[in-house]
1. Per 0.36 nm of contour for each residue apart, how much would the distance between residue 66 and residue 200 grow if the chain were fully extended, relative to their Cα-Cα spacing?
2. For residue 259, which lysines qualify as cross-link partners when the Cα separation must be under 17 Å and same-chain residues fewer than eight apart are set aside?
3. Taking the simple approach of a point 7 Å from Cα along Cα-to-Cβ for both residue 187 and residue 22, what is their distance in nm?
4. With r as the distance between the Cβ atoms of residue 41 and residue 115 and R0 = 30 Å, compute the FRET efficiency 1/(1 + (r/R0)^6) and round to 0.05.
5. State the three equivalent ellipsoid semi-axes of the chain, derived from the C-alpha gyration tensor as the square roots of 5 times its eigenvalues, in descending order and whole Å.
6. Could you state the orientation-averaged shadow area of the convex hull built on the Cα atoms of region 24-113, in nm² to one decimal?
7. Within the set of other residues whose C-beta is less than 14 Å from the C-beta of residue 274, count the net charge using Lys and Arg as +1 and Asp and Glu as -1.
8. Tell me, Kirkwood radius of region 139-272 from alpha-carbon pair distances, in Å?
Amino acid sequence: MTILDGKKTSNDIKNEIKAEVDKMKANGEKVPHLAAVIVGNDGASLTYVGSKVRACERIGFESTLIKMSSTTSEIELLDKIEDLNNNDDIDGFIVQLPLPPQIDTQKVLLAVDPDKDVDGFHPTNFGKMALDMSTFIPATPFGILELMERYQVDTAGKHTVVIGRSHIVGRPMSILMGRKGFPGNSTVTLTHSHTKNITQITSQADIIITALGVPGFLKAEMVKDDAVIIDVGITRVPDETRERGYYITGDVDFEEVSKKASFITPVPGGVGPMTIAMLLKNTLLARERHRA
Ligand code: GUN
């Protein structure tokens with residue numbers, strides 16, 4: 001069994017990006033600039049956005065964090081997005097999800113300039129991805145592909161089962177794994193809350209990608225021997241005995257499932273850090289495109 005080490009791999013990627021940034025600096029060029037907008041005070045979202053901004057600083061990107069109150073109106077947020085679209089100094093930006101209920105998420109995602117949409121959530125970019133055109137691939141699926149590539153996980157002709165159909169992970173993942181090329185060429189089954197007999201489906205899978213947010217959902221009896229297990233679940237479980245008052249756990253019963261798996265991602269230290277590294281990669285790509 002091989003652990004797909006997202007912490008180490010993401011550090012390798014960040015070092016590669018930093019080397020590019022150092023070259024830009026040495027040539028007197030502008031470095032990539034990422035902006036992140038967060039609306040409200042959700043603890044997990046604030047942590048994620050904070051990690052993204054800190055990662056920018058460490059590799060030499062410029063970054064801007066825009067915090068807006070939980071009572072922000074849709075118009076106020078759309079105005080902020082318009083500013084970011086028109087600000088030539090900003091190469092890419094993200095609006096952290098989820099948004100408060102008074103704001104229509106789809107309207108917000110549509111307002112982002114596709115050339116600055118480093119999350120890859122705009123319909124134009126999502127469509128390009130589905131059509132194999134060059135675009136920004138959403139960071140979490142992109143990170144999973146990169147992990148598979150760097151560990152040479154064989155995906156061709158394999159049965160990949162994706163659990164969860166979110167726009168951020170499950171849906172794009174199901175498209176990407178079925179694309180031509182590597183990693184891809186998989187036969188894909190996309191499962192969700194209406195799927196019947198899920199154990200029958202997962203137990204036939206060569207590769208399982210689970211993005212549900214239900215701790216310990218994937219048990220050993222749902223997995224065949226030598227399966228590849230990618231755990232995208234990140235749940236905070238309250239625990240007073242921990243310093244932070246919670247611990248982080250994934251969708252997979254790691255202890256038992258890891259005994260059967262050929263490759264498996266841990267939580268934490270698997271897919272999570274890869275997401276940040278690939279957001280930085282997309283921002284570098286945005287800078288290079290704007291320069292071209
Ligand atoms: N919320 C959870 N994951 C993501 C992500 O990748 N991007 C944004 N913008 N919000 C998220």
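1. Numbers: separation 134, 0.36 × 134 = 48.24 nm, distance 4.58 nm.
The residue 66-residue 200 span can extend by a further 43.7 nm.
2. Within the straight-line limit of under 17 Å, residue 259 reaches these lysines: 219, 224.
3. 4.7 nm
4. Efficiency, rounded to the nearest 0.05: 0.50.
5. Numbers: eigenvalues 195, 94, 75 Å².
That gives 31, 22, 19 Å for the three semi-axes.
6. Working: hull surface 23.3 nm².
Taking a quarter of the hull surface, the average projection is 5.8 nm².
7. Working: positive: 7, 8, 14, 52, 150, 281; negative: 5, 12, 16, 146, 149, 231.
Result for the local shell: 0.
8. Details: mean 1/r = 0.0675 Å⁻¹.
Answer for region 139-272: a Kirkwood hydrodynamic radius of 14.8 Å.
Every read-out reported here was derived from the displayed coordinates using simple, explicitly stated rules and does not represent laboratory data. All of these numbers come straight from a predicted model, not from anything done at the bench. Positions of Cβ are generated from backbone atoms using ideal geometry, with glycine treated the same way; all protein chains shown enter the neighbour counts.
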